[in-house]
1. Of these, 203, 196, which one is more than 13 Å from ligand 1 (Cβ to nearest atom) and under 12 Å from the mean Cα position of the chain (by Cα)?
2. Anything in segment 82-103 that is modelled with pLDDT of 90 or more and under 17 Å from residue 162 (Cβ atoms)? List them, or say none.
3. Could you list, in sequence order, all residues of segment 7-56 that are touching a strand residue (DSSP E or B) at 6+ places or on another chain (Cβ under 6 Å), closer than 19 Å to residue 80 by Cα, within 16 Å of ligand 2 (Cβ to nearest atom) and part of a loop (DSSP other than H, G, I, E, B)?
4. Given the criterion modelled with pLDDT under 95 and touching a helix residue (DSSP H, G or I) at 6+ places or on another chain (Cβ under 6 Å), identify the matching residue among 150, 181.
5. If we scan segment 37-55, do we find a residue that is at pLDDT 95 or above, within 29 Å of residue 224 (Cα to Cα) and away from ligand 1 (no atom under 16 Å from the Cβ)?
6. From the list 169, 137, 129, exactly one residue is on the phi > 0 side of the Ramachandran plot and at pLDDT 90 or above. Which is it?
7. Of the residues 200, 194, which single one is surrounded by 17 or more Cβ atoms within 10 Å (Cβ to Cβ), touching a helix residue (DSSP H, G or I) at 6+ places or on another chain (Cβ under 9 Å) and closer than 28 Å to residue 76 by Cα?
8. Taking segment 236-264 only, how many residues are out of contact with any strand residue (DSSP E or B) (no Cβ under 8 Å at 6 or more places or on another chain) and either farther than 14 Å from residue 39 by Cα or more than 16 Å from ligand 2 (Cβ to nearest atom) (or both)?
Ligand code: ADP
Ligand code: MG
């Protein structure tokens, strides 16, 4: 398959919970190997878009193609083999052991009631090694810190052996060092990524391209440099900021200005 082939194509996607559409005729795509960010204010539809892609919600309209094939024509197992979902660290409600959570990533590779094979156990251990948590297999998930929990969730996605990660604000509530660590782990895997990202500076650091959602619509798209301008951020978020290219990272870095200062400016 060509290097820059399209992994995910979303066409004319719409979804409503009630009267008002949460996602309103959205089009975008993710190429193989790209790290694509979905940004936009709270309630702009990022999670809803992702839920239709990982099939937690059925679209009202539109089409979602994975590797050129409509996901609506795939079994749940087939689509689960193609994409791993990384949510927020508090999404696991029960008190499983670390290795049990990671082993859940093996589910699409197995039949119902299949026992864990040596290969499964190897994959679980290997996945935990990737995030530096191989010594914590027997620990209980709920007793871990937020940063450790999210590393377990990344390990679950690694154990799934999928090369496409769908992530929904995966570093919410985490300290800055864990935010960087989580995105670094994912980037080192070299997988294709579609991630909702809350923090615009994180989006600038890690994403190849961005789509900006506002009230359920894609209003901007492009590289972080093209999208994250002072004028665009004011339009979409209603805040003032300065944007400069950081000499150490060569990426755009945004400094937000306090609200009182914004009033004085206008
Ligand atoms: P984001 O992830 O960008 O914050 P969401 O996709 O969660 O946005 O929400 C988009 C819109 O849909 C918002 O107006 C939100 O209030 C609404 N919404 C989200 N989830 C539900 C739900 N389960 N039931 C009803 N409305 C919802
Ligand atoms: Mg959300």
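1. Numbers: 196 fails: more than 13 Å from ligand 1 (Cβ to nearest atom).
Every option except 203 fails the conditions.
2. Initial filter on segment 82-103 (modelled with pLDDT of 90 or more): 82-86, 96-103.
If the condition is that a residue be modelled with pLDDT of 90 or more and under 17 Å from residue 162 (Cβ atoms), then 82, 83, 84, 85, 86, 101, 102, 103 are the ones that fit.
3. Within segment 7-56, just 54 meets the criteria.
4. Values: 181 fails: touching a helix residue (DSSP H, G or I) at 6+ places or on another chain (Cβ under 6 Å).
Residue meeting the stated conditions: 150.
5. No, segment 37-55 has no match at all.
6. Working: 137 fails: on the phi > 0 side of the Ramachandran plot; 129 fails: on the phi > 0 side of the Ramachandran plot.
Exactly one residue qualifies, and that residue is 169.
7. Numbers: 200 fails: closer than 28 Å to residue 76 by Cα.
Answer to the selection: 194.
8. First pass over segment 236-264, keeping only residues out of contact with any strand residue (DSSP E or B) (no Cβ under 8 Å at 6 or more places or on another chain): 237-238, 247-250, 258-264.
Those still in the list that are either farther than 14 Å from residue 39 by Cα or more than 16 Å from ligand 2 (Cβ to nearest atom) (or both) too: 238, 247-250, 258-264.
Residues in segment 236-264 being out of contact with any strand residue (DSSP E or B) (no Cβ under 8 Å at 6 or more places or on another chain) and either farther than 14 Å from residue 39 by Cα or more than 16 Å from ligand 2 (Cβ to nearest atom) (or both): 12 in total.
The values are calculated or read from the model by the stated rules, or taken from the named source; none is laboratory data. Quantities reported herein were computed from a predicted structural model and do not represent experimental measurements. Reconstructed Cβ throughout: ideal geometry from the backbone, glycine too, with neighbour counts over all protein chains shown.
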